[in-house]
Amino acid sequence: MKWTDTHCHILDDKMSVSADDTLIAARLADVNRFIVIGTDEQTSSAAIELASRHKDVWATVGLHPHDAVLGTHTVQHLVPSPRVVAVGECGLDYFYEHSPRDVQRQVFAEHIALAKQHDLTLVIHTRDAWDDTFDVLDAEGIPERTVLHCFTGGPDEARRCLDRGAFLSFSGIVTFKNSADNQAAAQMCPLDRLLIETDSPFLAPAPHRGRPNQPAFVGVVGTAIADLRGQHPATIAESTSATAILAFPGIGS
């Protein structure tokens, strides 16, 4: 089985070991593709640099909604860089509101435009902001390839995303005991729209909760989804990796 981690922050200072060592551990756990996420100018640049040194690593460029006040202009110049396969993560976070909501919506709309301009996938972060997320997407026009990263919703939110043609990326949350709605969404999501991620170093899946997450654990997420769906883990490994190439065509080369 070979797994793909479609969303990880392995350059984050909360990681327990270096990015290079993290990749080695994950490869030993049968992970063979990694998408390292940019959340501002510094992390986007670092993701690009890491991807330039590893043929199984790709980067995204984006401005997290927490940092929307910095302005899209701080990251947009990095989008055309080699090894960049997506714009994001970007979106809306009304739980913390580190940036004003109107600024978040404007920067989100600008990222949508960037994804379309460069024919790249859009990676969305949304927290406590489902209605406004859909409103912005509908107003701006959803890009051809759009991923709801770390999908936290249930079947209702899943259907609203799927009806718009989006991919759903499930994280360690799907292994948590109090995540019945999220588990139900993972059960009903078509395989050609279902992705998995770690969001390392955050949201380590059971039984690894309480320690830094890492891409080596992405198979735990995939296996949990396989159990929920009554399928073999190899089926989920194969399907989620194939769907990752649909969602991020650049990683298939």
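The values are calculated or read from the model by the stated rules, or taken from the named source; none is laboratory data. As the structure is a prediction and not an experimental result, all values here were calculated from the model. Here the Cβ is made from the backbone with ideal geometry for all residues, glycine too, and neighbour counts use every protein chain on show. The accessibility values were calculated without ligands, DNA or RNA, using every heavy atom of the protein model including side chains. Shrake-Rupley method; radii C 1.70, N 1.55, O 1.52, S 1.80 Å.
Worth a mention:
- For segment 108-136, taking the residues that are β-branched (Val, Ile, Thr) and open to solvent by 10 Å² or more (accessible area, probe 1.4 Å), the one that is nearest to GLY154 (Cα to Cα) is identified as THR126.
- The listed residues are PHE217, PHE170, and the only one of them that is of a type outside the set (Ser, Thr, Tyr) and either at pLDDT below 95 or touching a Gly at 6+ places or on another chain (Cβ under 8 Å) (or both) turns out to be PHE217.
- Restricting attention to segment 64-93, the residues being surrounded by fewer than 16 Cβ atoms within 10 Å (Cβ to Cβ) and more than 25 Å from ILE245 (Cβ to Cβ) number 5.
- Matching residues, segment 213-253, being outside any helix (DSSP H, G or I) and surrounded by fewer than 17 Cβ atoms within 10 Å (Cβ to Cβ): GLY230, GLN231, HIS232, SER253
- Scan of segment 184-198 for residues that are open to solvent by 10 Å² or more (accessible area, probe 1.4 Å) and closer than 17 Å to THR4 by Cα, ordered by number: LEU191, ASP192, ARG193
- Single unsatisfied condition, GLN104 versus (1) in a helix (DSSP H, G or I); (2) polar (S, T, N, Q); (3) within 18 Å of the chain's Cα centre (by Cα): (3)
- Cross-chain or 6+ apart pairs with Cβ under 7 Å, segment 239-253 first and under 14 Å from PHE170 (Cα atoms), then acidic (Asp, Glu) and modelled with pLDDT of 95 or more: THR243/ASP192
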